[in-house]
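Student: Structure below; questions to follow.
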Amino acid sequence: MTREDFIKLSLLGFLGLYSCGVSAMKIKKPLAIQLYTIREAVSENLEKALERLAESGFSQLEIYGYNDTFFGKSRNEFKTILNNVGLKVISSHHTTGILHPEKGTLITDWEKSVEDLHYIGSKYMVCSYLFPEERTAENYRRLPELLNKAGEVTSKAGIQFAYHNHDFEFEKFDEQLTVYDFILKNSSSDLVKMELDLYWISKTGLDPLVYFEEYPGRFPLWHVKDMKAGTKEFTEIGNGTIDFKRIFEARDKAGLDCWFLEQDASDKDIFKSISISKKYIVKHPYF
């Protein structure tokens, strides 16, 4: 083999490896996590908690608890911390304010909330939860209108609004519809998207793919966490019973844009749980 032939073959090999690397980078999405997962660490020291996530390979966050401040920080202070540790907020969770009308809720000073989330660069704002005392038939019937109004405000700032489920939404509140179906049918498909929690819908025994087929493109956000066999408790991704491969293969039908690792509780150190989930995610290319 001549030196010229060797150089040509070496160059082709390098380009092949390079193109594979580029393809992998294009396919692999950044690791994102719902910050509620490490809420105890956040309450102890916000910046150190975020640094630990960044060191673990996470680059995107969904946050919680905005109440006119971000964990007691002004929006300038919080944005500076994010920049310092190299994390970006993609989404933020907010409650309705129906019976708890604090700042940061859909009912109280919502415009200011939207302004602050826009300032730190969030793409989504999500109605995260209805407190048990808010779960009445009257409030359920009013909910689509409330969500639409919240979505109208966020859309003006270029932020997509969404609703996050637990399991109670899959109970019927009248003779025909579950709360979840009522929201889907009576809210704007443009103003109100859904953040589907794969654990909670799986716990009810329902199939996410049925919803993807009936409401294609409505589910840009997912919470990804696993469920123990038998007890149905939270567990690390890959240590439970949820068929993530089957669900992720339907991502285009669902309209998936971003998903967040989340684990509400753990029987071990939460950062150990995060590490177990991350290893499984990295090993399986369908995520």
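Student: Pairs, please: C-beta under 6 Å, at least 6 apart or cross-chain, first residue in contact (Cβ under 8 Å) with a residue 24 or more places away in the chain and in the range 253-265, second crowded, with 16+ Cβ neighbours inside 10 Å and part of a loop (DSSP other than H, G, I, E, B)?
Tutor: From the range 253-265, the pairs are Ala254/Phe219; Gly255/Phe219; Gly255/Pro220; Asp257/Pro220; Glu262/Lys225; Gln263/Lys225.
Every residue, every condition in (1) on the phi > 0 side of the Ramachandran plot; (2) free of Cβ contacts under 8 Å to residues at least 60 places away in the same chain; (3) aliphatic (A, V, I, L, M), yes or no:
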residue	(1), (2), (3)
Gly205	yes, yes, no
His223	no, no, no
Thr241	no, yes, no
Val282	no, yes, yes
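Student: Same structure again: Does Ser92 satisfy being in contact with a Pro (Cβ under 7 Å, 6 or more places away or on another chain), closer than 20 Å to Glu262 by Cβ and either of a type outside the set (Asp, Glu) or not in a helix (DSSP H, G or I) (or both)? Quick ask: steps written out before the conclusion?
Tutor: On the way: in contact with a Pro (Cβ under 7 Å, 6 or more places away or on another chain): no; closer than 20 Å to Glu262 by Cβ: yes; either of a type outside the set (Asp, Glu) or not in a helix (DSSP H, G or I) (or both): yes.
Considered against the rule, which asks whether it is in contact with a Pro (Cβ under 7 Å, 6 or more places away or on another chain), closer than 20 Å to Glu262 by Cβ and either of a type outside the set (Asp, Glu) or not in a helix (DSSP H, G or I) (or both), Ser92 comes out as no.
Student: Just checking, how many residues over the range 233-262 are within 16 Å of the chain's Cα centre (by Cα), closer than 21 Å to Gly205 by Cβ and assigned to a loop (DSSP other than H, G, I, E, B)?
Tutor: 2
Student: So which pairs qualify, if the first residue must be in the range 167-187 and within 21 Å of His223 (Cα to Cα) and assigned to a loop (DSSP other than H, G, I, E, B), the second must be at pLDDT 95 or above and among the charged types (D, E, K, R), the Cβ gap must be under 7 Å, and the two must be at least 6 apart or on different chains?
Tutor: Every condition considered, the pairs that remain are Asp167/Lys203.
Student: Taking into account only those residues within the range 104-139 that are hydroxyl-bearing (Ser, Thr, Tyr) and part of a helix (DSSP H, G or I), which is surrounded by the fewest Cβ atoms within 10 Å (Cβ to Cβ)?
Tutor: Taking the range 104-139 and keeping what is hydroxyl-bearing (Ser, Thr, Tyr), we get 105, 108, 113, 119, 122, 124, 128-129, 136.
After this cut, where a residue has to be part of a helix (DSSP H, G or I) as well, the list is 113, 119.
On the way: Ser113: 23, Tyr119: 13.
Among them, the one singled out is Tyr119.
Student: Does the range 145-168 contain at least one residue that is buried (at least 16 other Cβ atoms within 10 Å of the Cβ), out of contact with any Asp or Glu (no Cβ under 9 Å at 6 or more places or on another chain), of a type outside the set (Gly, Ala, Ser) and at pLDDT below 95?
Tutor: no
The values are calculated or read from the model by the stated rules, or taken from the named source; none is laboratory data. Quick caveat, the model's predicted, so the values are computed rather than measured. No Cβ is skipped: glycine too gets one built from the backbone with ideal geometry, and neighbour counts run over all protein chains shown.
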